[in-house]
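Have a look at the structure below, then the notes.
The values are calculated or read from the model by the stated rules, or taken from the named source; none is laboratory data. Quick caveat: nothing in here was measured; it's all calculated off a predicted structure. Virtual Cβ from ideal backbone geometry, glycine too; neighbours counted across all protein chains shown.
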Amino acid sequence: MPAYATRFSSLLRSGLLALAASCLALSPMAQADGHGDWPERDIDFIIPFGAGGGSDAWARTISTGAQEHFGVGWNLQNRPGAGATLAWEYLLDQPADGYTAMLSSPTPVMTALMEDDPLVDPLDFKAAAYISAFRSLIVASNDSPMADWDGLKAAAEDSPVVIAGTNALLAGVANIFDQAGLEAVYVPYSSTGEAVSDFLGGHVDLLAATASTALGIVPERGTVVMNTSDIALPEDVEEQLGGNVPIAADFDFEGMRFPRPIGFHPDTPDAVVAEFSRRLETLLTEDESVPAMLDRMGEEVIFMGFPEANEDYVRLVERMRTAIELLD
């Protein structure tokens, strides 16, 4: 081969190698941890509650499919404390490289919004996905004049009604009452059982409840006035609750769901978060074993991916902030 051809071939090869290296360096995936495509090692998966609870069960169930769908394992870590914000503070102390994720819930968000000096800012979180959500239902006694929305509205316009429930569920109701221009006395309970007991005992007018709690009351001792969320009930659950359960949108209200988000440090590259979301969606919607296990647990997969979940999370925080101000 002539010398000029050899030199040209060498220069071309060097140029192509330099271009490839440059593209790799500019790739968000490569930037995620500085040396290659994500993920290259196990992911630390943080649970802000102790072992044995609902979030812990979700995390352990999903993690059984991690190796197949992510190619790496998940190192589960329970880090309860400080109203579930201790784990969040830990997340923010880790590198924003996509190797530390957290399964959240409304609880740490509520804590961050309600405390005067919270450990974290509720917006310091990049939601990769919602994996499920629960709804706040307004439940009234069967013989109550507030057993339908018109009756409830008329009663609340006459004088504030008294509503029992946990903080997150009350926030869902407060969101609707605020849009309707109605006032209420919100009575927060640390225990769902205590709130139900006082409702059944006639000590409060209404109960803010999840669907699973409402199923223990309706239709024998109560009726669902409204599903205050923006997601309909599953058909079988709605049927068990008497059928045709009104939802917030039926009255032109903007409902509020309470999701289980999985997310990262807010500075984590979008490409990494999107890839995590894509693989998680496959695990939860196409894999047969994990959804089957969740179904046996009585859990419902309601998936929203990135970036939609992150955009919704920002709006949710602001709606919760407004609702919490109404609870004071």
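Looking only at residues in segment 63-108 that are touching a helix residue (DSSP H, G or I) at 6+ places or on another chain (Cβ under 6 Å) and of a type in the set (A, V, I, L, M), the one that is surrounded by the fewest Cβ atoms within 10 Å (Cβ to Cβ) is LEU76. Any idea which residue in segment 162-182 is farthest from GLY151 (Cα to Cα), counting only those that are under 23 Å from the mean Cα position of the chain (by Cα) and assigned to a strand (DSSP E or B)? Only one residue tops the list, namely GLY165. Just so you know, in segment 109-140 the residues that are under 17 Å from GLY305 (Cα atoms) and over 11 Å from the mean Cα position of the chain (by Cα) include one that is surrounded by the fewest Cβ atoms within 10 Å (Cβ to Cβ), and it is LYS126.
Would you mind stating whether LEU76 is closer than 18 Å to GLY54 by Cα and free of Cβ contacts under 8 Å to residues at least 60 places away in the same chain? Step through it out loud before you land on a result.
Values: closer than 18 Å to GLY54 by Cα: yes; free of Cβ contacts under 8 Å to residues at least 60 places away in the same chain: yes.
Yes; evaluated as a whole, the condition is true for this residue.
Scanning for something basic (Lys, Arg) and surrounded by 14 or more Cβ atoms within 10 Å (Cβ to Cβ), does segment 271-287 turn up at least one residue?
Yes, there is a match, as at least one residue in segment 271-287 is basic (Lys, Arg) and surrounded by 14 or more Cβ atoms within 10 Å (Cβ to Cβ).
Could you please find all residues in segment 155-174 being over 23 Å from GLU194 (Cα atoms) and in contact (Cβ under 8 Å) with a residue 40 or more places away in the chain? Working first, answer last.
Initially, segment 155-174 is screened for residues over 23 Å from GLU194 (Cα atoms), giving 155-159.
Passing the criteria: only ALA155.
Within segment 186-244, how many residues are surrounded by 18 or more Cβ atoms within 10 Å (Cβ to Cβ) and part of a helix (DSSP H, G or I)? Total satisfying the criteria: 7.
Among the residues of segment 310-327, are any crowded, with 21+ Cβ neighbours inside 10 Å, in a loop (DSSP other than H, G, I, E, B), modelled with pLDDT of 95 or more and of a type in the set (Ser, Thr, Tyr)?
The initial filter retains those residues of segment 310-327 that are crowded, with 21+ Cβ neighbours inside 10 Å, namely 310, 313, 316, 320, 323.
Okay, now just the ones that are also in a loop (DSSP other than H, G, I, E, B), so none.
Looking for residues that are crowded, with 21+ Cβ neighbours inside 10 Å, in a loop (DSSP other than H, G, I, E, B), modelled with pLDDT of 95 or more and of a type in the set (Ser, Thr, Tyr), one finds none in segment 310-327, hence no.
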